[in-house]
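This report concerns only the one structure given below.
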Amino acid sequence: MNRLRWKDYVLMLAMLLLCLAMAFPMVWMAYSSMKPNRLIFTDPWSLPEQFTLERFSEAWVVGNLGRYFTNSMIVTSTTVLLVVLLASLAAYAFARLEFRGRQPLFYLFLAGLVIPAQTFVIPLFVLLRNLGLIDSYPALILPYTALGLPMSIFILHAFFSTLPRDLEDAAAIDGCGLFRIYSLIIMPISKPALATIAILAAIDSWNEFLFAMLFIRDTMTRTLPIGLYIFYGHYDIDYQMLFSGLTVATIPLVLFYVFFHRFIIEGLTVGALKE
Amino acid sequence: MQRGIDRYTPYLFVLPALVVFVLFVLYPALDNFRYSFFDWRGFGPMEWVGWANYERALGSDGIFHLAFRNNILYFLGTIGSEVAFGLMIAFLLSKPLPLFSGLRVLFFTPMVLSMTIIGILWSYIYHPQIGLINSLLAAVGQQDAARAWLGDPQTIIAAVVITSGWTYGGFFMLLFYAGIKRIPAALAEAARLDGASEWKIFTLVTFPLLRPILVIALLLCWTGSFKAFNLFWVMTGEGGGPYHSGEIVATWIMKQAFQFSRMGYGAALAVIMTIVVVVSSTAYLLYSNRQRLEY
């Protein structure tokens, strides 16, 4: 690489400053949780006088965040398992097997990429109510799985299509059935693609708001986004409490991003580009 | 291939996904069409009303029209705050300088936060008393410019547009960055040797080659404007703000169906929105593909 010129330093400095400005809302949220309301009110920009996490546990308890957190974990992990299993089975068939109706069925799933949730949320609500699922975890898990399938099948289909056929052919000659080829050969070598769709499905279901608001009215099964929204309604003028709750809810997401950012970036951008 | 394979086996692979997808997305989406011809409160008998819901939506429902206008304003705004902003950052961060790969990752961070957290956080940035913006204005002696950014019909959409840009800017940055990386470096290098300025290189070399990505980015912005719900719901007090100035189609549909118990009417609004989104997106894609062929 060439030696850096002064122009490069100016650009680096400018981009660094812009990045800090972009990050500032999150930093502000975190340090405001350490300032008493009086200080937040009189000078919202000022730094806290001391480092303290005392309101974190309080926000966790009064906001019932532990309960919501657990519910979100249950809903998200089940959704991710189902999406990975169902999408990989279907994508394998679409990429590798010959059967009548393959193209139309594949496009049927892709149609799910463009349908806005408002298109089907009203009948979906009625359906779930008729099935007696309102206020239960499946009321979220089943629709989240259905919503996660199109993009996941799409990404996996593209990935499976790039795999060499040699291994499968060899296994078929050895008398392996399709399910064994799928589970013993395709799945193990597709871990990166599976990780990508798992993470995409996890982010989407963890953050989903509309269905969670409409299908769950019970505190015992409510998920985190709605829980936070209600928390915000109760503590909108107890700024420190509110910022503590928001910060507590943000930390796991940021950590998740720090660990998995490669897969997350891959999943969120690659899907859009191939559309 | 496919020795000894039962011809029904492939369907076993597809079936589980198909059942879930049809039952919880496709069937409700079609059923929504049927609902739109009824007057129904969500329980009790359904009353057939023909096209009445559509006549009302297209005729007398001024708030629906206002919501539609707001969706378009929001779309136009996000072209600037999400697409243009992302494109600019992508171009600047595409230089092979130290720090920049880390900065790209940092810019993307808001994408993993929930819109609920983002919406609440930014409500406080725009807050009339403790807001960062108003206190910054006060600090530089511009108290008169301070206002309740989300409580003022003049600024409410713009405020959400900026928050949207903060969230999705990094996403569009990475889309464009992936495109820029695919452009052979020799092209820009040749222009640079000919003495072209960075601005000229961007407008005459980089930008035209990014056209396919730009086509997709604008489409995502357009469909995204109709998928937007969470941010508006949280930031504009359950979608609305003063005099419905922050109402968008999605929030109005939800209010009709689930707050006013007009399920049939909400369904009709959803049908109209779906038709608008699907028809316009298809036409746009066909048009932009044809343009590409003419080159």
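The values are calculated or read from the model by the stated rules, or taken from the named source; none is laboratory data. Because the structure is a prediction, the values reported are computed rather than measured. Please note: Cβ atoms are built from the backbone with ideal geometry, for glycine as well, and neighbour counts cover all protein chains shown.
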Open item on the list: The conditions are (1) over 17 Å from A:LYS191 (Cα atoms); (2) surrounded by 23 or more Cβ atoms within 10 Å (Cβ to Cβ), and A:LEU156 fails exactly one of them. Which is it?
Closed with: (1)
TODO: Hey, could you check region B:127-154 for residues that are β-branched (Val, Ile, Thr) and crowded, with 18+ Cβ neighbours inside 10 Å and say which is modelled with the highest pLDDT?
DONE: B:ILE133
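Can you say whether B:VAL83 is surrounded by 19 or more Cβ atoms within 10 Å (Cβ to Cβ), within 30 Å of A:TYR68 (Cβ to Cβ) and β-branched (Val, Ile, Thr), as far as the supplied structure shows?
On the way: surrounded by 19 or more Cβ atoms within 10 Å (Cβ to Cβ): yes; within 30 Å of A:TYR68 (Cβ to Cβ): no; β-branched (Val, Ile, Thr): yes.
Here the answer is no, as B:VAL83 does not meet what is asked.
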Task: Scope region B:155-202; condition without any contact (Cβ under 8 Å) to a residue 12 or more places away in the chain and under 28 Å from B:GLY240 (Cβ atoms); matching residues - done: B:THR155
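Go through region A:50-74 and give me each residue that's assigned to a loop (DSSP other than H, G, I, E, B) and at pLDDT 90 or above. Write out each step before concluding.
Kept after step one, since they are assigned to a loop (DSSP other than H, G, I, E, B), are these residues of region A:50-74: A:50-53, A:63-64.
Answer for region A:50-74, where residues must be assigned to a loop (DSSP other than H, G, I, E, B) and at pLDDT 90 or above: A:GLY63, A:ASN64.
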Task: Checking B:GLY50 against (1) surrounded by fewer than 16 Cβ atoms within 10 Å (Cβ to Cβ); (2) out of contact with any Phe, Trp or Tyr (no Cβ under 9 Å at 6 or more places or on another chain); (3) small (Gly, Ala, Ser), the condition it does not meet - done: (2)
Task: Unmet criterion (only one of (1) surrounded by 15 or more Cβ atoms within 10 Å (Cβ to Cβ); (2) under 30 Å from B:THR282 (Cβ atoms); (3) out of contact with any Leu (no Cβ under 8 Å at 6 or more places or on another chain)) for A:LEU142 - done: (3)
Task: Answer from A:LEU47, A:LEU13 - the residue that is assigned to a helix (DSSP H, G or I) and either surrounded by fewer than 11 Cβ atoms within 10 Å (Cβ to Cβ) or at pLDDT 90 or above (or both) - done: A:LEU13
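Please enumerate the residues belonging to region B:215-236 that are free of Cβ contacts under 8 Å to residues at least 60 places away in the same chain and either crowded, with 23+ Cβ neighbours inside 10 Å or part of a loop (DSSP other than H, G, I, E, B) (or both).
Step one: of region B:215-236, the residues free of Cβ contacts under 8 Å to residues at least 60 places away in the same chain are B:216, B:220, B:223, B:227, B:229.
Passing the criteria: only B:PHE229.
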Open item on the list: Quick check on region B:279-295: of everything there that is aromatic (Phe, Trp, Tyr) and within 13 Å of B:LEU218 (Cβ to Cβ), which residue is modelled with the lowest pLDDT?
Closed with: B:TYR287
TODO: Give me the pairs, please: first residue somewhere in region A:95-112 and acidic (Asp, Glu), second residue anywhere and modelled with pLDDT of 95 or more and not in a loop (DSSP other than H, G, I, E, B), beta-carbon distance under 6 Å, and either six or more positions apart or on two chains.
DONE: none
Open item on the list: When the residues of region B:255-272 are narrowed to those that are surrounded by fewer than 24 Cβ atoms within 10 Å (Cβ to Cβ) and either of a type outside the set (A, V, I, L, M, F, W, C) or farther than 16 Å from B:VAL49 by Cβ (or both), which ends up nearest to the other protein chains (Cβ to nearest Cβ)?
Closed with: B:PHE258
Task: Single residue of region B:89-126 satisfying the filter (of a type outside the set (S, T, N, Q) and more than 10 Å from chain A (Cβ to nearest Cβ)) that is surrounded by the most Cβ atoms within 10 Å (Cβ to Cβ) - done: B:ALA90
Task: Considering residues of region A:90-143 that are within 9 Å of chain B (Cβ to nearest Cβ), hydrophobic (A, V, I, L, M, F, W, C) and not in a helix (DSSP H, G or I) only, the residue farthest from A:TRP206 (Cα to Cα) - done: A:PHE99
Task: Elements of type helices (runs of 4 or more DSSP H) in region A:185-275, at least 3 residues being modelled with pLDDT under 90, more than 9 Å from chain B (Cβ to nearest Cβ) and surrounded by fewer than 22 Cβ atoms within 10 Å (Cβ to Cβ) - done: A:239-274
Task: Flag for B:VAL249 being over 19 Å from B:PHE68 (Cβ atoms) and not basic (Lys, Arg) - done: no
Open item on the list: Need pairs with beta-carbon distance below 8 Å; first residue closer than 9 Å to B:CYS221 by Cβ and small (Gly, Ala, Ser) and within region B:66-88, second in a helix (DSSP H, G or I) and at pLDDT 95 or above; sequence gap 6+ or separate chains.
Closed with: none
Open item on the list: Please go through region A:25-42 and give me each residue that is under 24 Å from the mean Cα position of the chain (by Cα) and surrounded by fewer than 13 Cβ atoms within 10 Å (Cβ to Cβ), ordered by number.
Closed with: A:VAL27
- [ ] List the number of the failed condition for A:ILE115; all other conditions in (1) aliphatic (A, V, I, L, M); (2) under 24 Å from A:GLY227 (Cα atoms); (3) surrounded by 15 or more Cβ atoms within 10 Å (Cβ to Cβ); (4) at pLDDT below 95 hold.
- [x] (2)
Task: Flag for B:GLY246 being more than 7 Å from chain A (Cβ to nearest Cβ), part of a loop (DSSP other than H, G, I, E, B), at positive phi and not acidic (Asp, Glu) - done: no
Task: Residues located in region A:160-180, provided they are polar (S, T, N, Q) and in contact (Cβ under 8 Å) with a residue 60 or more places away in the chain - done: A:SER161
